[in-house]
Each structure stands twice: as structure tokens, then as C-alpha cells.
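What follows is a set of notes on a single structure, which appears directly below.
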Amino acid sequence: MKFIISQILGAIGYFLLAFSYFKKEKREILFIQIIAYIGFTTHYILLEAVTGTACNVLGFIALILIYFFSKDEKKKKILVLILIPLLILMSFLSYENIFSLFPVIACLLTFNSFLSKEESKIRFIGIISAVCWLIYAIIHGSYSAIIFEVVTVVATTIAYVKYKKVNAS
């Protein structure tokens, strides 16, 4: 039963994340993503995936801080400078096996993308991040994450290639 609840919460979280991108206002997007991260975190807690849980808790905290300080670029940089050492510390404390490095890599890249204004770079980071989470999801039996990350890898790769061609012209 715990496994089924976990998959449902993961699916709800991923649905909310995808839904958030259809909103027009940045604050609406961030608010929905904060709720989605509650689902992700609970999902990985129920799967007993320690590193995935820790990464999602840090992502949740980052989203809340960005929600409140999104207009201040200096505070965003400070946030990233605080989150990266926390993530590295957390990776040592929550180390499960070699596969637990994948969500850490994904989070490091994602935190760095907060500072980028280049859409191409953000999309490329999104591809790598999704592949890292996909590997972790396969190891931990997160079927909702597997489905979502495959869709994310495909969609983001298509967008990356499309906009690379447009910008090359």
C-alpha cells in the first residue's frame, strides 16, 4: 500500500510540475511547483530513497526562497552560494550508493541554472538533470518519475535542438 501511495503522490507532483508551466505569471508557476515538491518529497520518503528526499527538500526550500526573492538577482546568487555547500554536505550525509550521486548532480546543475539567462543553457541543463533523475528513479522503482523523466528528456531535447537550429539561422 505504501508503494502505491508513493507512486500516486509522485504522479501528482509530476502532473503539478508540468501544469505549472502553463501558467503565465512566474509567481503562479513557482507556487504550483512548491506544492509539487511536497509530492516529490513525500514520494521519495515513502520509497525510502534518502538522497532523493534530501534533494527534493533542498529544491523545496530553494523554490520558497525564489518565490519570495525572485526579483532580486543578488539574493538569487547568494541563495545558490548557500545551497551548493548544503547540497554537497547533504550528499555525504545521505550517501546510499554510487547512484545517489545522480540526484546530487542534477540539483547542482539546476541550482546553477537559476543564475543563467541563456535559454539554451537552461534547456541543456534540463536534459542532463532529467537523465540523472531518470537513472535514480530506475534504481529506486519510482515508476511515476521514470515516465515523467523520459517525457522530460524527449521534450527538452526536441526544444533544445529546435531552438539551436532557429538561433543558428
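The values are calculated or read from the model by the stated rules, or taken from the named source; none is laboratory data. Given the structure is predicted, the values throughout are model-derived calculations rather than measurements. Cβ sites come from the backbone with ideal geometry, for glycine too, and all protein chains shown count toward neighbours.
If you check Ile127, Ile105, Ile139, Ile122, which single one turns out to be within 28 Å of Pro85 (Cα to Cα), surrounded by 15 or more Cβ atoms within 10 Å (Cβ to Cβ) and free of Cβ contacts under 8 Å to residues at least 24 places away in the same chain?
Matching residue, one of Ile127, Ile105, Ile139, Ile122: Ile122.
Among helices (runs of 4 or more DSSP H) lying entirely in the stretch 1-78, which contain 2 or more residues that are closer than 30 Å to Ile139 by Cα and either charged (D, E, K, R) or touching a Gly at 6+ places or on another chain (Cβ under 9 Å) (or both)?
2-20, 26-46
Inspect all residues belonging to the stretch 41-49 and state whether any of them is surrounded by fewer than 17 Cβ atoms within 10 Å (Cβ to Cβ), at negative phi and of a type in the set (Asp, Glu).
no
Testing Ala159 on (1) touching a Phe, Trp or Tyr at 6+ places or on another chain (Cβ under 8 Å); (2) modelled with pLDDT under 90; (3) under 21 Å from Phe19 (Cβ atoms), one condition comes back false. Which one is that?
So the condition that Ala159 fails would be (1).
Among (1) on the phi > 0 side of the Ramachandran plot; (2) in contact with a helix residue (DSSP H, G or I) (Cβ under 6 Å, 6 or more places away or on another chain), where does Gly141 come up short?
(2)
Would you confirm whether any residue within the stretch 55-64 is in contact with a helix residue (DSSP H, G or I) (Cβ under 8 Å, 6 or more places away or on another chain), within 13 Å of Leu9 (Cβ to Cβ) and either surrounded by 21 or more Cβ atoms within 10 Å (Cβ to Cβ) or not small (Gly, Ala, Ser) (or both)?
Checking the stretch 55-64: at least one residue is in contact with a helix residue (DSSP H, G or I) (Cβ under 8 Å, 6 or more places away or on another chain), within 13 Å of Leu9 (Cβ to Cβ) and either surrounded by 21 or more Cβ atoms within 10 Å (Cβ to Cβ) or not small (Gly, Ala, Ser) (or both).
Among what's in the stretch 127-169 and is outside any helix (DSSP H, G or I) and out of contact with any His (no Cβ under 9 Å at 6 or more places or on another chain), pick the residue that is farthest from Leu109 (Cα to Cα).
Step by step, filter the stretch 127-169, then rank; the result is Ser169.
Among what's in the stretch 149-169 and is among the hydroxyl-bearing types (Ser, Thr, Tyr) and in contact (Cβ under 8 Å) with a residue 40 or more places away in the chain, pick the residue that is nearest to Gly126 (Cα to Cα). Outline the logic, then answer.
Going through the stretch 149-169, the residues among the hydroxyl-bearing types (Ser, Thr, Tyr) turn out to be 152, 156-157, 160, 163, 169.
Restricting the remaining residues to those that are in contact (Cβ under 8 Å) with a residue 40 or more places away in the chain gives 160, 163.
Values: Tyr160: 10, Tyr163: 14 Å.
Going through the qualifying residues, I end up with Tyr160.
Let me spell it out: the conditions are (1) in contact (Cβ under 8 Å) with a residue 24 or more places away in the chain; (2) within 26 Å of Ile4 (Cα to Cα); (3) among the β-branched types (Val, Ile, Thr), and Thr41 meets all of them except one. Which number is the exception?
(1)
Ser100 - would you say it is surrounded by 19 or more Cβ atoms within 10 Å (Cβ to Cβ), polar (S, T, N, Q) and more than 22 Å from Ser20 (Cα to Cα)?
It is true that Ser100 is surrounded by 19 or more Cβ atoms within 10 Å (Cβ to Cβ), polar (S, T, N, Q) and more than 22 Å from Ser20 (Cα to Cα).
Here is a check on your reading of the model: is Ala106 farther than 19 Å from Ile12 by Cβ, modelled with pLDDT of 90 or more, under 14 Å from the mean Cα position of the chain (by Cα) and in a helix (DSSP H, G or I)?
Yes, satisfied.
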